[in-house]
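These notes concern the structure reproduced below.
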Amino acid sequence: MEKELALTEQDAATEPLPISALLALAMTGFICIITETLPAGLLPQMAAGLNISNALAGQTVTAYALGSLIAAIPLTIATQSWRRRNVLLLAIAGFLIFNSITALSANYWLTLTARFFAGVAAGLSWSLLAGYARRMVAIHQQGKAMAIAMVGTPIALSLGLPLGTWLGGVLGWRSAFAVISALTLVLVVWVLAKVPDYPGQSRHERMPLLKVLTTPGVRPVLSVVIAWMLAHNILYTYIAPFLQLAGLGSQVDVVLLVFGLSALLAIAVIGRLIDHHLRSSVLVSLAVFALVSLGFMGFSHIPAALYLGVAVWGLTFGGAATLLQTALADTAGEGADIALSMNVVAWNGAIAAGGITGGILLNHWGALSFPPVLVALLIVAFVIAWRASEHGFRAGARTGH
């Protein structure tokens with residue numbers, strides 16, 4: 001029996017990663033992010049096409065975030081017993097249907113409704129992707145699998161959004177959403193062909209929501225998610241007025257490209273570190289982002305310093321989703337899917353709070369008020385992560401569940 005077990009472990013150690021299946025999950029994440037952010041790049045065109053103000057057009061982003069916030073936890077609980085690929089296909093079908101409606105709609109309220117339900121599809125997707133990627137591989141490969149499955153996010157931010165914005169400017173904003181629908185149709189075929197199916201959780205395997213929330217380590221990880229992402233989104237949402245401090249207001253697209261490429265590089269680095277150095281990777285990322293924010297307090301008027309700071313900031317952010325979701329899933333064990341749905345709520349709540357908080361800071365004290373607030377939030381996140389050494393952010397190699 002011991003010999004057979006050793007053989008099984010040896011086979012697992014040499015088993016190649018299911019790259020095609022993991023990239024299908026990455027493509028799903030890409031669709032999530034590009035669907036969420038595209039209106040920001042096409043706001044004037046959408047406003048003109050729907051005969052509304054820019055402010056009303058901006059609510060298409062709000063509606064998407066609300067859909068994710070409201071639906072993530074209840075939909076994850078409702079579909080726990082379903083076969084996993086069916087849930088994934090349901091979420092992808094949501095993008096296909098509601099992006100197509102957005103592309104065809106001439107009515108603002110119909111567009112807003114479609115955007116809300118596209119957000120619902122995103123909430124279900126983000127609750128599913130991390131657990132799905134981990135399930136495809138052996139425990140010692142889960143970090144690398146997660147890094148591959150999450151690579152769609154920085155690609156969407158660094159390349160997808162600029163390309164989508166350019167396409168919308170050349171062919172019209174409706175064409176941009178139509179292209180996303182076409183990519184989603186390809187993704188459906190890809191998932192059916194390459195992504196393995198798994199059973200859902202039986203009744204006796206499921207953990208109640210409150211039990212998952214009170215599992216040791218879950219709340220510290222979620223607290224770090226909120227503090228870290230709030231700091232990130234205050235600066236990211238209002239990067240344009242912050243760059244104006246150094247006279248870089250006309251180079252926002254270039255600066256965001258630098259950020260996105262740095263984040264993409266970070267994914268590759270974290271993929272190599274996460275299985276043995278998750279805790280130290282989180283702590284170093286938070287500490288370096290805090291130091292960059294501290295540097296912004298004194299050198300925000302120097303263009304070269306801002307470019308360097310943004311590049312380093314991208315390196316600290318690129319692996320955040322992989323690190324935090326891995327820590328959360330490891331900590332939650334059998335309740336991982338529910339915990340990851342809580343992560344969707346925490347993450348999107350931080351996005352919304354970043355927009356509100358950053359707006360208040362900008363209106364009352366100007367963009368120079370961002371860095372000290374970022375430093376304070378990142379110190380809070382660092383202290384929480386540091387103290388969660390037994391549950392949440394454990395030292396040493398990951399053992400998983």
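The values are calculated or read from the model by the stated rules, or taken from the named source; none is laboratory data. These figures come from a predicted structure and were not determined experimentally. Here Cβ is always computed from backbone atoms with ideal geometry, including for glycine, and neighbour counts include all displayed protein chains. When the accessible area is computed, the model is the full protein with side chains, heavy atoms only, and any ligands, DNA or RNA have been set aside. Shrake-Rupley method; radii C 1.70, N 1.55, O 1.52, S 1.80 Å.
Residues that are in contact (Cβ under 8 Å) with a residue 12 or more places away in the chain, surrounded by fewer than 18 Cβ atoms within 10 Å (Cβ to Cβ) and in a helix (DSSP H, G or I) within region 139-173 comprise I139, H140, L159, P162, G169, listed in sequence order. Scanning region 53-74 for residues that are touching a residue at least 60 places away in the same chain (Cβ under 8 Å) and surrounded by 23 or more Cβ atoms within 10 Å (Cβ to Cβ) yields S68, A72. Among the residues of region 42-52, the one identified as crowded, with 20+ Cβ neighbours inside 10 Å and outside any helix (DSSP H, G or I) is L42. May I ask you to verify whether V255 is open to solvent by less than 60 Å² (accessible area, probe 1.4 Å), touching a helix residue (DSSP H, G or I) at 6+ places or on another chain (Cβ under 7 Å) and without any contact (Cβ under 8 Å) to a residue 60 or more places away in the chain? So V255 fits the description; yes. Using the structure shown, decide if A78 is open to solvent by 20 Å² or more (accessible area, probe 1.4 Å), over 22 Å from the mean Cα position of the chain (by Cα), at pLDDT 85 or above and farther than 17 Å from R174 by Cβ. For A78, the condition - open to solvent by 20 Å² or more (accessible area, probe 1.4 Å), over 22 Å from the mean Cα position of the chain (by Cα), at pLDDT 85 or above and farther than 17 Å from R174 by Cβ - is met. Each residue in region 263-278 was checked for being buried (at least 20 other Cβ atoms within 10 Å of the Cβ) and out of contact with any Gly (no Cβ under 6 Å at 6 or more places or on another chain), and 1 pass. Let me confirm something: among V61, V137, which residue is at pLDDT below 90, touching a Pro at 6+ places or on another chain (Cβ under 8 Å) and under 20 Å from A24 (Cβ atoms)? Result: V137 is the single residue among V61, V137 that is at pLDDT below 90, touching a Pro at 6+ places or on another chain (Cβ under 8 Å) and under 20 Å from A24 (Cβ atoms). Quick check, is L294 surrounded by fewer than 20 Cβ atoms within 10 Å (Cβ to Cβ), out of contact with any Pro (no Cβ under 6 Å at 6 or more places or on another chain), modelled with pLDDT of 90 or more and of a type outside the set (G, A, S)? It is true that L294 is surrounded by fewer than 20 Cβ atoms within 10 Å (Cβ to Cβ), out of contact with any Pro (no Cβ under 6 Å at 6 or more places or on another chain), modelled with pLDDT of 90 or more and of a type outside the set (G, A, S). Please determine whether any residue of region 197-213 is open to solvent by less than 30 Å² (accessible area, probe 1.4 Å) and aromatic (F, W, Y). No, there is no match, as no residue in region 197-213 is open to solvent by less than 30 Å² (accessible area, probe 1.4 Å) and aromatic (F, W, Y).
Residues in region 366-388 include at least one that is part of a helix (DSSP H, G or I) and at pLDDT below 90. Within the option set P216, P196, being assigned to a loop (DSSP other than H, G, I, E, B) and more than 30 Å from L283 (Cβ to Cβ) holds for one residue only, P196. Scan region 90-102 for residues that are crowded, with 17+ Cβ neighbours inside 10 Å and either among the aliphatic types (A, V, I, L, M) or touching a Cys at 6+ places or on another chain (Cβ under 9 Å) (or both) and the total you get is 5. Can you say whether L89 is part of a helix (DSSP H, G or I) and touching a residue at least 12 places away in the same chain (Cβ under 8 Å), as far as the supplied structure shows? Judged against the criteria, L89 is a match.
Within region 31-51, residues that are closer than 15 Å to G123 by Cα reach partners that are polar (S, T, N, Q) and part of a helix (DSSP H, G or I) with beta carbons closer than 7 Å, at six or more positions or on different chains, in the pairs I31/T184; C32/S125; I33/T153; T35/N99. For first residues located in region 108-131 and of a type in the set (K, R) and part of a helix (DSSP H, G or I), partners that are open to solvent by 30 Å² or more (accessible area, probe 1.4 Å) and at pLDDT 95 or above and lie 6+ apart or on another chain with Cβ distances below 9 Å form the pairs R115/F98. Quick check: anything in region 119-132 open to solvent by 30 Å² or more (accessible area, probe 1.4 Å) and at pLDDT below 95? The answer is yes, given that some residue of region 119-132 is open to solvent by 30 Å² or more (accessible area, probe 1.4 Å) and at pLDDT below 95.
Only one entry of F242, F289, F299 meets the criterion of being surrounded by fewer than 18 Cβ atoms within 10 Å (Cβ to Cβ) and either touching a Gly at 6+ places or on another chain (Cβ under 6 Å) or of a type in the set (F, W, Y) (or both), and that entry is F299.
The rows are residues; the columns are (1) aromatic (F, W, Y); (2) within 21 Å of the chain's Cα centre (by Cα); (3) closer than 28 Å to M146 by Cα.
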{"site": "E334", "(1), (2), (3)": "no, no, yes"}
{"site": "L340", "(1), (2), (3)": "no, yes, yes"}
{"site": "V344", "(1), (2), (3)": "no, yes, yes"}
{"site": "N348", "(1), (2), (3)": "no, yes, yes"}
{"site": "A352", "(1), (2), (3)": "no, yes, yes"}
{"site": "G358", "(1), (2), (3)": "no, yes, no"}
{"site": "L361", "(1), (2), (3)": "no, no, no"}
{"site": "V375", "(1), (2), (3)": "no, no, no"}
